[in-house]
Every structure is written in C-alpha cells, then in structure tokens.
1. Tilt of helix 56-79 relative to the longest C-alpha principal axis of the chain, in degrees (0 to 90, nearest 10)?
2. In what sequence, highest mean first, do 256-263, 62-69, 322-329, 91-98 appear when ranked by Cβ atoms within 10 angstrom?
3. Have a look at the DSSP beta bridges in the chain and tell me what percent are antiparallel, nearest 5.
4. Take each of the peptides 346-354, 216-224, average the number of other beta-carbon atoms within 10 Å over its residues, and list them starting from the highest.
5. Cut-off is 10 Å between beta-carbons; in what order do H377, H105 appear when sorted fewest neighbours first?
6. For the pair R227 and D134, how long in nm is the line joining their label points, each one 7 Å along Cα→Cβ?
7. What lysines does K25 reach when the alpha-carbon gap must be under 16 Å and sequence neighbours fewer than 8 apart in one chain are set aside?
8. Among the lysines, which fall within straight-line cross-link reach of K115, defined as a Cα-Cα distance under 25 Å, with same-chain neighbours fewer than 8 residues apart omitted?
Amino acid sequence: MKIGAALHYTPLDHAARWFGRILPKGLYARALIIIIAPVILLQSVVAYVFMERHYELVTRRLSSAVTADIAALIRIYESYPQDREASTLSRIASESLQLDMDILHNTDLPPPGPKPFFSILDETLSNELRRQIDRPYWLDTVGRSNFVEVRIKLDQNTVMRILARRSQAYASNSHIFLVWMGGSSFVLLGIAILFLRNQIRPILRLAEAAEALGKGREIEFRPRGAREVRQAGYAFLEMKRRIERNLEQRTTMLNGVSHDLRTILTRFKLSLALMQETPEIEDLKRDVDEMSRMLEGYLAFARGEGGDAGEQAGETDLRQLLAEVQADAERQGHAMKLDIVGDPIIIVRPDAFRRLLFNLVSNAARHGDRIAITADHETRWLVLHVDDDGPGIPVSMREEVFKPFVRLDEARNQDEGGSGLGLSIARDIARSHGGDISLGDSPLGGLRATVRLPA
Ligand SMILES: Nc1ncnc2c1ncn2[C@@H]1O[C@H](COP(=O)(O)OP(=O)(O)OP(=O)(O)O)[C@@H](O)[C@H]1O
Ligand SMILES: [Mg+2]
C-alpha cells in the first residue's frame with residue numbers, strides 16, 4: 001500500500017519537495033524571501049511593461065516628430081531651390097526646431113556604420129525615416145554621445161546633414177523612473193528587514209531556550225515579541241517549571257527513602273554484629289551487604305536523571321579529565337591509550353560527565369586489559385569512543401544491556417559485583433545532554449562504546 005502510494009507523487013508534490021530543498025532553512029531567511037520575492041516580481045513586471053510599452057511608445061513618438069521635422073525641411077529645401085546653401089532654412093531649423101542642418105554638395109552617403117547591438121533608438125528612427133521620407137539615408141546614433149546624426153541623399157550629389165540632440169528623439173531620461181522604483185523598494189525592504197528582525201528574534205530565542213533545556217543547560221529566557229510568540233514562551237516556561245518541580249519532588253522523595261532504608265539496614269547490621277558467628281549469620285550479613293550496595297546503586301541511578309539536574313553545565317577541559325581517567329586506569333594495571341583531536345574544551349555538566357566516563361571505563365577495565373579512548377571534537381559534536389580488548393557484547397544484546405539491572409556477567413559466571421546500572425546511568429547522562437551512547441565493535445577486538453554529545 002505504502003509503496004503504491006509512494007509511486008503516485010503528483011508533479012505538484014515534486015515541485016513542493018524541490019522547492020523545500022532549495023529554500024533556505026532558517027526562519028529569518030524564509031520570511032525575507034516571502035517579502036522580497038513579491039517585490040522583485042512586481043518590479044520586474046512593472047519594469048518590463050514600462051520598457052516594452054511606455055518606453056518604446058515615447059521613443060517612437062519622439063523619433064516620429066524629429067523625422068517629420070526633417071521631412072518638412074527637405075520639402076522646403078526642394079520647393080525653394082533659389083536658396084542653394086539653405087542658410088535661411090538652416091537658421092530657422094536651428095532656432096525653431098533645434099536641429100542643426102546643412103547641405104553638403106558633391107558628396108555621397110558614407111558607408112553604413114556598425115549597427116549598435118541593442119538600441120531602440122536606431123531601430124525606431126530607421127523605421128520612421130523609411131516610412132516618412134523614403135530616400136537613401138545614413139544614420140549614426142552611437143558616434144556622439146549627445147547627438148544623433150542623420151544624412152539624407154537628396155539627389156545625385158547633394159546630401160542633407162542633420163544633427164539632432166539625442167533627447168529629442170529618445171526617451172532618454174526614463175531610466176529615472178526605474179531608479180526611483182528600485183530606490184524606493186530598497187528603502188521599503190530595509191524597513192521590512194528591520195521590523196522582521198524584531199519579530200523573529202523572540203522566536204529564535206525560544207528555540208534556543210528549548211534546545212538548552214533539552215541539553216540540560218540553563219539560559220536566561222524571557223517571553224517577548226508578538227502575542228502568539230509570547231504565549232508559546234510562557235507555555236514553555238510553565239513546562240520547564242513543571243519538569244523541574246517533578247525532578248525536585250522525586251529527588252526529595254528518593255533522599256527520604258534512601259535515608260529511611262539506610263537507617264534500617266544499619267540497624268540490621270548492628271543486630272547481626274551482636275549475634276553469634278554462625279554460617280547462617282554470615283549468609284545474612286552478605287545479603288544485607290548486597291542489599292545496601294544495590295540500594296546505593298539504585299539511588300545513584302535515580303539521581304543520575306534527577307539529582308544532576310541541579311548541576312550547571314560549564315566549560316570542562318576534556319584533556320585534563322581524560323588524563324585523570326587514564327591515571328586511574330593505569331593505577332589499576334590497565335594500559336590505556338588517549339587520543340584527542342579538535343577543541344579540548346567541552347560544555348557539559350562536569351560531575352555527570354565524569355560519572356559517564358567512569359562507568360564506561362570501569363566496564364572496559366572489568367572486561368578487558370587494554371583500553372583506548374579517542375575523542376573527536378572538531379565539529380559542534382563531541383564523539384568519544386571507549387574501546388577495550390575484552391569479549392565484547394553480542395549484537396542482539398547491545399540494546400538490552402542499557403536496561404537497568406541487566407547484567408551479562410551472571411551468565412558468564414563472573415561474580416564480580418556490579419548491579420547492572422552502569423550503562424543505564426551513562427546513557428541517561430548522555431541523553432540529558434542532548435546526546436546518546438551506542439555500542440559497537442572495537443578495533444581492539446572487544447567492545448566499543450561511542451558517546452555523541454552536542455558540546
Ligand atoms: N566493555 C564491556 N565488555 C563486555 N561486556 C560488557 C562491557 N560493558 C558492559 N558489558 C556487559 O553489559 C552489562 C551491563 O553493564 P553495566 O555497566 O550496565 O552493568 P555492570 O557493569 O554489570 O554493573 P555496574 O556498572 O552497575 O557496576 C554488564 O553486566 C556486562 O555483562
Ligand atoms: Mg558497569
């Protein structure tokens with residue numbers, strides 16, 4: 001069913017997925033796009049329509065007017081042949097039509113110049129000259145920046161040359177419109193960005209606070225911003241308080257229970273010590289000892305989740321911590337290799353993290369001879385392997401051993417104490433930091449415990 005459904009993606013689904021992939025992931029960037037994209041689209045449409053319609057129309061009108069003036073000059077020149085040099089005509093042209101005109105004798109049109117690559121002016125003016133005058137002409141719209149030069153062949157060896165100002169034939173300052181449009185939208189975008197930042201910052205704050213809570217860190221957080229965001233902020237604070245209250249309650253209860261049970265166990269021990277040393281009493285003593293050890297173990301485990309919540313995360317020097325662990329292990333006769341790459345400073349709750357390390361290393365020490373620790377803190381994540389050369393744990397049991405009180409040693413007939421809580425506590429600590437622990441095969445031949453923490 002599911003496979004069939006997966007095959008029936010509509011093109012719309014694909015488009016949405018593709019869009020989701022290329023879109024930036026951050027809220028701020030996305031919000032900006034939501035604002036910027038329509039503005040750009042609108043501007044492009046307006047600019048296109050403007051260029052296409054208005055701009056061309058104005059240029060055509062202007063070109064047409066200039067061409068009409070030139071046509072009139074030619075008519076007048078040809079109707080009054082007595083003024084061969086056309087000095088009066090030239091004066092009138094320059095005074096009334098702002099056209100610089102003269103008559104060249106005994107010349108022909110120059111060879112056509114190179115066409116400009118992209119010019120409405122050249123095109124429209126050419127069209128108008130052909131339409132209104134319909135004589136051989138020569139046109140130069142690029143040679144001089146402010147002028148357009150037109151030459152028209154009147155007869156075999158007479159050419160009329162006209163210089164018109166470029167602005168007469170061409171809507172040249174229309175780009176002002178575009179500049180205004182672009183400029184004003186920049187201002188608008190600037191204002192939008194400013195407002196947006198202020199709206200989005202509280203959301204980012206909330207996300208940070210939630211992330212910190214997940215990692216067991218404490219950061220200051222006060223709800224701000226729009227009503228809904230503030231509402232979410234207060235809800236978050238309420239949730240945080242409830243979690244803290246729960247933990248506190250449990251810790252208090254555990255302390256009470258542990259105190260009560262310890263008192264009774266101590267009384268037991270005292271009574272037993274006063275009795276005669278028979279084998280039964282010896283057995284009883286051992287049981288009471290085991291019971292108090294289990295009790296301590298259980299309490300330590302329960303505190304691992306709750307009791308450490310009071311501890312603050314802070315900068316800890318991994319190198320120093322691991323050196324202590326190494327010295328410890330070597331005192332107990334184990335060879336230990338240390339390897340740290342990346343930043344040795346990590347942000348963790350130091351006592352909890354120390355316990356995590358201790359639990360893993362003591363397991364390695366119990367089951368193997370050689371121990372190796374590799375820590376990699378090159379990214380935001382700390383990846384730490386604890387390797388040993390012991391028997392390892394079969395794949396099927398690697399999740400099982402994380403459960404409280406699960407021990408494989410009993411099956412292996414190694415009666416060396418241990419309550420089966422070490423890995424559970426270690427995993428709780430890793431998870432309360434926002435990370436986890438997994439088990440695998442070690443290059444040394446035994447077990448590899450891998451800790452991943454955002455630190
Ligand atoms: N490095 C290891 N090599 C082989 N087996 C291991 C290793 N670490 C743990 N185990 C197995 O996993 C079981 C659970 O380990 P865990 O640390 O939770 O308890 P424990 O070591 O028995 O007791 P505790 O740590 O509370 O003293 C152990 O009993 C042991 O069988
Ligand atoms: Mg252990």
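Only the coordinates and a few stated rules stand behind these numbers; no lab work does. Being a predicted model, the structure only gives us computed values, none of them experimental. Counting neighbours? That spans all protein chains shown, and the Cβs are built from the backbone with ideal geometry, glycine included.
1. 10 degrees
2. Put in order of decreasing packing, that is 62-69, 322-329, 91-98, 256-263.
3. If I count the DSSP bridges inside the chain, around 85 percent turn out antiparallel.
4. Ranked from most to least packed, the peptides come out as 346-354, 216-224.
5. Least crowded to most crowded, the residues run H105, H377.
6. My value for the distance between the label points is 7.5 nm.
7. none
8. Those lysines meeting the cut-off are K153.
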